[in-house]
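Let me begin by presenting the structure, written as structure tokens, before commenting on it.
Read-outs: derived from the displayed coordinates by stated rules, not from any lab. Not measured: the values here are computed from a predicted model. Positions of Cβ are generated from backbone atoms using ideal geometry, with glycine treated the same way; all protein chains shown enter the neighbour counts.
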Ligand code: UDX
Ligand code: UDX
């Protein structure tokens, strides 16, 4: 079959894989190839067990793989043969040298730009899919300028807003598609090419075109705003625990204001994932770079609250369990950074588990999708740690349960059965406020939610209320 267009994506990760699967599915007359330096990842994409767990993804892969969607290890050939190149390689925070812990590490980006240059003999549209600091396109263009022969490159920014766990839904029915281009004739022409791809399934009024810098910055800002909402509600959860307010009631009352809206107001142990922390750090780095330290501090405080929220949770476990965890068995229910994904990048569970192990607790980790990644994250811990997928086996004999991921599965557990199998007194720390606290308390648990009064069978001296 002769294909109308040939599209390549460099980087077969959580973003590149699902996004290209969606394009291939919606555009059966386009040939879509995905390449990656990691050959095991490509093998996994070509196997039955896909490298990322994403509801609905396997169905689309089945319909497209081998027809117009191909996963390949040959990056050079991919670049040479395709006219539209998406770049979705990772841009972690730098761990070394100048800007360590703050600036984005752009080495993969630069390497990829050089690869594109070296293997192109014809003109290409290069699309930034990864979240990048503002002005990366300019750096990219510098690398791509001395192209071979008549080859010309047009760089576009098309940041991806999909959230893991709902990637397929988000891709199929996005709130908006954002495309940034240069405001030149060739920039606008390239932009139109990309608009035409998305217009196959996205209503035209949801495809917005901007200048390239606005597109780059918008992605950072969208993530910073979302993270800020989580930190804002978590900051109030701390105050609720000190008073008799209940965070769920506060969230509901605040969220019903249509100007505020009810999404992203779920208090918990803090945000994780590959984007929020990294993008806020990038944003703050940019602000500092442009001489705006006050603005940088403002955004950095969102990360500080996130760290504080995790510390509060650990301190609460420690003090509720009589200030010692030595030898106590604690079951962690959920290790993924949120439900419906096996991804554990920046998951609060990593830090919390490490702290519990440091207190000599015996930790059993359970998760329906993330146990492989959990074992990699904690590979340096050899003692006092176990992995058990079945939540009933994982909790049996434990002194405490800590719910760290909002998996639906945990809402439906038989807590009576679990309580019976545990060591008494049994503790339940609900880091996501997802189980029925009253019911669990009545079963016999000492229950510690986030941002709500603890329900304990011990006699505790009540703190006197504030006198004004
Ligand atoms: C990545 C970025 O982290 C994020 O900022 C951006 O918004 C989207 O792309 P994700 O897809 O979740 O997100 O990352 P990851 O799953 O790590 O995938 C990146 C892939 O690129 C990896 O499979 C890696 O092997 C590949 N890669 C990396 C290359 O193919 N070439 C390189 O030079 C570097
Ligand atoms: C995010 C953005 O939503 C997405 O648009 C962007 O492209 C990539 O980054 P993702 O990291 O997949 O997506 O997850 P998201 O659903 O945003 O959740 C991030 C974290 O916030 C999770 O750890 C989640 O548990 C936490 N969260 C979210 C809360 O604690 N409370 C909430 O109310 C919402």
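With each pseudo-label sitting 7 Å past Cα toward Cβ, what's the residue 3-residue 292 distance in nm, one decimal?
Modelled inter-label distance: 4.1 nm.
Test of understanding: ordering 419, 410, 290 by Cβ neighbours within 10 Å, fewest first, what list do you get?
290, 419, 410
Which length gain, in nm to one decimal place, applies between residue 390 and residue 62 when the Cα-Cα distance is subtracted from 0.36 nm times their residue separation?
115.2 nm
Along the Cα→Cβ direction, 7 angstrom out, place labels at residue 175 and residue 135. What is the inter-label distance in nm?
Inter-label distance under the simple model: 2.8 nm.
Fewest to most neighbouring Cβ within 10 Å: what's the order for 72, 130?
If I rank by nearby Cβ atoms, fewest first, I get 72, 130.
Tally the DSSP beta bridges in the chain and give the antiparallel ones as a percent, rounded to 5.
The answer is about 5 percent antiparallel.
Between residue 80 and residue 188, what length comes free when the chain is fully extended (0.36 nm per residue of separation minus the Cα-Cα distance, one decimal in nm)?
36.5 nm
Among 365-371, 379-385, how do they line up by average Cβ neighbours within 10 Å per residue, starting with the highest?
In descending order of packing, they fall as 365-371, 379-385.
Mind pulling the angle between the C-alpha long axis of helix 16-26 and the longest principal axis of the chain? Nearest 10 degrees, somewhere in 0 to 90.
With rounding to tens, the tilt is 60 degrees.
At a threshold of 8 angstrom on Cα-Cα distance, excluding pairs fewer than six apart, so keeping six or more, what relative contact order does the range 309-448 reach in percent?
Relative contact order of the range 309-448: 24 percent.
With labels modelled as points extended 7 Å from the Cα through the Cβ direction, what inter-label distance (nm, one decimal) is found for residue 100 paired with residue 408?
4.5 nm
Going by how many other Cβ atoms sit within 10 Å of their own, how do 359, 76 line up, fewest first?
Ascending number of Cβ neighbours within 10 Å: 76, 359.
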